[in-house]
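The values are calculated or read from the model by the stated rules, or taken from the named source; none is laboratory data. On a predicted model such as this, the values are computed, not experimentally measured, just so you know. Heads up, the Cβs are rebuilt from the backbone with ideal geometry, glycines too, and the neighbour counts pull from every protein chain shown.
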Amino acid sequence: MTVTAPFTTATADRSLQGRVALVTGGTRGIGAAISRALARGGATVAAAYAGNTRRARDFLDQCHAEFGTGSELVSAHQADAGSATDCRRLVADVVDRHGRIDVLVNNAGITIDRTVARMTDDDWQQVLDVNLSGPFHLAQAALGHMVEQGSGRIVMISSVIGETGNIGQANYAAAKSGLFGLTKTLAREAAFQLAKTGRQDAYGPGITVNAVTPGFIATDMLEHIPAKVLDRIVGQIPLGRLGRPEEVARLVRFLAEDASAYITGQVWGVNGGLDM
């Protein structure tokens, strides 16, 4: 299912003008902030969501309110990030609709929290399917188009939990940590494949792959955490507060721009110093 909202941006900075971006989990929380940040830069944004059509429509209504109407489009596309078939279809739909794909942000993620002793096979597999296999399948499908174009940006949204681990989140931590290896390998392969085409401009945008590791960000994913536990977590953060989705989105937007052309295979923390 695809629903669409037109928009124009009022900002003077159009550094992503003419680019097409796909953001998974792009209609809520950090993903919605990323979608809007890329749109403000002039990108056409395809925001993917798992199944909550009402939330997707609310997101598009927010785009109407912020950007007004015009010739450019923000669209919302339903897809299961845990399905290889759906991942490939999603990338194909974006390319068919817009003729290209310049930016892929693998943000979709789920949690099923249990201690290792209580974790079922399904608990383990579902989280790995969405949080690790999904980004692989999406990147695999998008990379060919980027090599053909001669440029592209892939950004993996990992987590500080992938660096530190966390009780009850063995599946989530393993998947988010796995994105580090996937990021670095894809960064090497993307550069290698582009060089083989002979179309690589030494100082051009090229194809880069990077990871961003948010810490504890004020989104609805934290709603299930008891207040006392959340207070204890905040007390461990050197900056003494939760992060904001927009703070993650600003970094993702920078990594999507041509200005980041000499940055690839890197892991960027946005966590208030939690991992120090």
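So which of ILE101, ILE110 is under 16 Å from the mean Cα position of the chain (by Cα), of a type in the set (Val, Ile, Thr) and more than 30 Å from LEU222 (Cα to Cα)?
Values: ILE110 fails: more than 30 Å from LEU222 (Cα to Cα).
On inspection, the qualifying residue turns out to be ILE101.
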| ILE217: surrounded by 14 or more Cβ atoms within 10 Å (Cβ to Cβ), in contact (Cβ under 8 Å) with a residue 12 or more places away in the chain, farther than 18 Å from SER35 by Cα and not small (Gly, Ala, Ser), yes or no? | no
| task | Collect the residues in the range 94-138 that are among the acidic types (Asp, Glu), closer than 26 Å to THR185 by Cα and in contact with a strand residue (DSSP E or B) (Cβ under 7 Å, 6 or more places away or on another chain), keeping them in residue-number order. | result | ASP102
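Among what's in the range 244-256 and is out of contact with any helix residue (DSSP H, G or I) (no Cβ under 7 Å at 6 or more places or on another chain) and surrounded by 19 or more Cβ atoms within 10 Å (Cβ to Cβ), pick the residue that is farthest from LEU16 (Cα to Cα).
Only one residue fits best here, namely LEU251.
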| query | Can you name every residue in the range 186-206 that is among the aliphatic types (A, V, I, L, M) and either touching a residue at least 60 places away in the same chain (Cβ under 8 Å) or more than 30 Å from SER133 (Cα to Cα) (or both)? | reply | ALA187, ALA190, ALA191, ALA202
| task | Within the range 249-262, work out how many residues are touching a residue at least 24 places away in the same chain (Cβ under 8 Å) and over 17 Å from the mean Cα position of the chain (by Cα). | result | 3
| task | Would you point out the residue of the range 82-101, among those that are in a helix (DSSP H, G or I) and β-branched (Val, Ile, Thr), that is surrounded by the fewest Cβ atoms within 10 Å (Cβ to Cβ)? | result | THR85
| When only residues in the range 111-122 that are surrounded by fewer than 17 Cβ atoms within 10 Å (Cβ to Cβ) and not hydroxyl-bearing (Ser, Thr, Tyr) count, which is farthest from GLY25 (Cα to Cα)? | ALA117
| message | Being in a strand (DSSP E or B), hydrophobic (A, V, I, L, M, F, W, C) and touching a helix residue (DSSP H, G or I) at 6+ places or on another chain (Cβ under 8 Å) is true for just one of LEU132, LEU143, LEU128, LEU104. Which residue is that? | response | LEU104
| note | Flagged in the range 146-175 as part of a loop (DSSP other than H, G, I, E, B) and among the polar types (S, T, N, Q), in numbering order, are SER151, SER158, SER159, ASN166
| request: Would you mind telling me which numbered condition in (1) in a helix (DSSP H, G or I); (2) over 18 Å from the mean Cα position of the chain (by Cα); (3) of a type in the set (Asp, Glu) GLU246 fails? | output: (2)
| message | Being touching an Asp or Glu at 6+ places or on another chain (Cβ under 9 Å), crowded, with 17+ Cβ neighbours inside 10 Å and at pLDDT below 95 is the requirement here; does ARG40 meet it? | response | yes
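Give me the residue from the range 53-69 that is polar (S, T, N, Q) and part of a helix (DSSP H, G or I) and, out of that set, nearest to GLY29 (Cα to Cα). If you could, list the steps in order and put the result at the bottom.
Taking the range 53-69 as the starting set, the residues that turn out to be polar (S, T, N, Q) are 53, 62, 69.
Now restrict to residues that are part of a helix (DSSP H, G or I): 53, 62.
Numbers: THR53: 15, GLN62: 13 Å.
Checked the range 53-69; the qualifying residue nearest to GLY29 (Cα to Cα) is GLN62.
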| query | Is one or more of the residues making up the range 61-81 in contact with a His (Cβ under 6 Å, 6 or more places away or on another chain) and surrounded by 19 or more Cβ atoms within 10 Å (Cβ to Cβ)? | reply | no
| query | With respect to the numbered conditions (1) within 28 Å of ASP102 (Cα to Cα); (2) part of a loop (DSSP other than H, G, I, E, B), which one is the sole condition not fulfilled by PRO238? | reply | (1)
